[in-house]
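First up is the structure itself, then whatever we jot down about it.
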Amino acid sequence: MLIAGSSRRLQTIAFPSPPVQTAMASAITQILGRPNACENALEIRRGYLKAMEDALRVSLLIHQDPRLLFDTWARLLPLIAQSHESDGSQPFATGIVRSRDHGSRRLAG
């Protein structure tokens, strides 16, 4: 490509060669695909969690002593959250606490 320089003479600008352009396009495609892959992985995990939530509901419906189940739930989940706080997994621990709170409301109600 030719362009005019500041001294009014034409200069040539080199563009990347086709193999470099192909490699760049491939890298860009991979980068753009990552959010989609992450979104799919999260959706799979969301489905798994929903299935576990439904399994817990069934367990509540058929449990012989719902009060014992509630007490166990309330005691166990804080211990799990604490064990994961110490290994640096704060988002996981936060999820456990939210799960406990959400599950406790459902169990109590």
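How far apart, in nanometres, would the label points at Arg75 and Leu60 be if each is projected 7 angstrom from Cα along the Cα-to-Cβ direction?
Each label point is offset 7 Å from its Cα along the Cβ direction, giving 2.0 nm.
Using just the C-alpha positions of the range 38-77 as equal point scatterers, what log10 of I(q)/I(0) does the Debye formula give at each q in 0.17, 0.21, 0.29, 0.33 1/Å?
At q = 0.17, 0.21, 0.29, 0.33 Å⁻¹ the computed log10 ratios are -0.57, -0.71, -0.92, -1.01.
Throughout, read-outs are computed from the coordinates displayed, never taken from laboratory work. Everything numeric here is computed off the predicted structure, so don't read it as measured data. As a convention, Cβ positions derive from the backbone with ideal geometry for all residues, glycine included, and neighbour counts pool all protein chains shown.
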